[in-house]
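Asks: Would you mind keeping the following structure in view while I ask a few things?
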Amino acid sequence: MEKVIVFGSFVVDLMARADRLPKAGETVRGNFFKMGPGGKGFNQAVACHMAGGDLTTVIKLGKDEFSKLATNLMDEINMDKDYVLYSDDKATGVALIPVDEVSGENQIMIVPGASETISSEEVCKLEDIIEDASYILLQYEVNQDANELIKKIALEKSKKVIVNTAPYVDVDKKFYDGLYLVTPNESEAESLTGVKVNDLESCKKASKLIKDMGVQNVIITLGKEGVFVDSDGKSEIIPSYKVKAVDTTGAGDAFNGGLLAALSEGKDIFSAAKFANATAGLAVTKMGTSVAMPRRFEIDQFIQRMDHAN
């Protein structure tokens, strides 16, 4: 198994559930509230760790009570904390998440806080762990100059850089040149390419435009329809596993973390995407984000059971 790094955000999820999501200017009475650890980087790191990845997690926290939600969970599930960074003046980030109890759909507002204050000095201190790793997974909830520097260092060391383009930011397209893989969802793929993604042909068109930017491989997540994968001259949509969704908040993060774990084991991108589909399918059957990530044996049993049923 190869070593991997998740470099990204941590925020505290403040989640409220109601019979429906509010319209603009409307107040809706909620039925449930929960506070828990989250953030795209942290969620993906937990998903990868729980799926069996040999992982180093790099996040940045404030020196406040909210930071303990990260470190306590890391202690609980035996995640390494050697590369947890701290800000002296910025608070730990937060995310406000209203959830529709009927559909499981959600809305999310992120306040990154300490996550967007990662300095070049802090990134440069990661050179040794980058040297030891094979894959580095990035997202857009940290300051982009930190992402660009870690990508530069990683490519100089011939490492494979994966970018989950969420939440979508209109970065310089040069950033995509040399990436091993990008994993947008439908709306992010449209924002990136201008192509409205809704079927296999539109996925292929968007993927070609992304590859023209210098990306080697493309995965476009399509929600309940599955994922489009374009790699080594082959492209197809891999169907999702059908489950009853309770909370879709961390689905994309579960997918990316599961994908990273599978790639680190030597699975090809298509097999890794199938494994990641299962990781995401299990995650949405539970409430929460990081705390909903399934364990490796659960993923393996789920795939076996679902494949046997089909």
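All of the numbers you see were taken from the coordinates with simple rules; none came from a lab. Note that the structure is a prediction, hence the values are computed from the model and not measured. Don't worry about glycine lacking a Cβ; one is built from the backbone with ideal geometry, like all the others, and counts go over all protein chains shown.
Asks: Testing the spin-label approximation: label points 7 Å from Cα along Cα→Cβ at residue 101 and residue 29. State their distance in nm.
Replies: For residue 101 paired with residue 29, the spin-label model returns 1.1 nm.
Asks: OK, next. Give, in nm to one decimal, the length gained when the segment between residue 174 and residue 234 is fully stretched (0.36 nm per residue of separation minus the Cα-Cα distance).
Replies: This chain segment gains 19.1 nm when fully extended.
Asks: Quick one: length gained pulling residue 78 to residue 199 fully straight, 0.36 nm per residue minus the C-alpha distance?
Replies: Difference between extended and current length: 39.5 nm.
Asks: Excluding residues fewer than 8 places away in the same chain, name every one of the lysines whose C-alpha is closer than 17 Å to that of residue 159.
Replies: Within reach: 3, 125, 151, 267.
Asks: Any chance you could get the radius of gyration and Dmax over the Cα atoms of the chain, in Å?
Replies: 18.2, 54
Asks: Right, something else. Given a Förster distance of 45 Å, report the FRET efficiency between residue 208 and residue 71 from their Cβ-Cβ distance, rounded to the nearest 0.05.
Replies: Computed FRET efficiency for residue 208 and residue 71 comes out at 0.55.
Asks: Computed FRET efficiency, Cβ-Cβ of residue 63 and residue 18, R0 25 Å: what is it to the nearest 0.05?
Replies: The pair residue 63/residue 18 has a calculated efficiency of 0.15.
Asks: Counting other C-beta atoms within 10 Å, and keeping those with at most 11, which DSSP coil trypsin sites (Lys or Arg not before Pro) do you find in the stretch 181-245?
Replies: Here the sparse-neighbourhood loop sites are 242, 244.
Asks: Next question. Grab the Cα-Cα distance for residue 297 and residue 224, subtract it from 0.36 nm times how many residues apart they are, and report the gain in nm with one decimal.
Replies: Working it through step by step, the gained length comes to 24.0 nm.
Asks: How high is the relative contact order of the stretch 123-201, given as a whole-number percent (alpha carbon pairs under 8 Å, six or more residues apart)? Display every interim value, and only then the final one.
Replies: Numbers: 90 pairs, mean separation 20.5, N = 79.
So the answer I get is 26 percent.
Asks: Please give every one of the aspartates and glutamates within straight-line cross-link reach of residue 196, meaning a C-alpha to C-alpha distance under 15 Å, and leave out same-chain neighbours fewer than 8 residues apart.
Replies: 186, 188
Asks: Moving to a separate point now. Excluding residues on the same chain fewer than 8 positions from residue 244, give the lysines whose Cα lies under 17 Å from its Cα.
Replies: 224, 286
Asks: Provide Rg and Dmax in Å for the stretch 187-300, with only Cα atoms included in the calculation.
Replies: Gyration radius and largest Cα-Cα distance of the stretch 187-300: 14.0, 40 Å.
Asks: Apply 1/(1 + (r/R0)^6) to the Cβ-Cβ distance of residue 242 and residue 270, taking R0 = 22 Å, and write down the FRET efficiency to the nearest 0.05.
Replies: Once the sixth-power term is evaluated, E becomes 0.65.
Asks: In deg cm²/dmol and to the nearest 500, what is the mean residue ellipticity at 222 nm of the chain if only DSSP H runs of at least 4 residues count, each as -39500 (n - 2.57), divided by the residue total?
Replies: Helix-only estimate at 222 nm: -10500 deg cm²/dmol.
Asks: Based on DSSP, what percent of beta bridges with both residues in the chain are antiparallel, to the nearest 5?
Replies: Just about 40 percent of them are antiparallel.
Asks: Whole angstrom only: what separates the Cα centroid of the stretch 117-181 from the Cα centroid of the stretch 12-42?
Replies: About 30 Å separates the Cα centre of the stretch 117-181 from the one of the stretch 12-42.
Asks: With Rg and the Kirkwood Rh both taken from Cα atoms, where does Rg over Rh land for the stretch 161-208?
Replies: Numbers: Rg = 10.4 Å, Rh = 11.1 Å.
Here the Rg-to-Rh quotient is 0.94.
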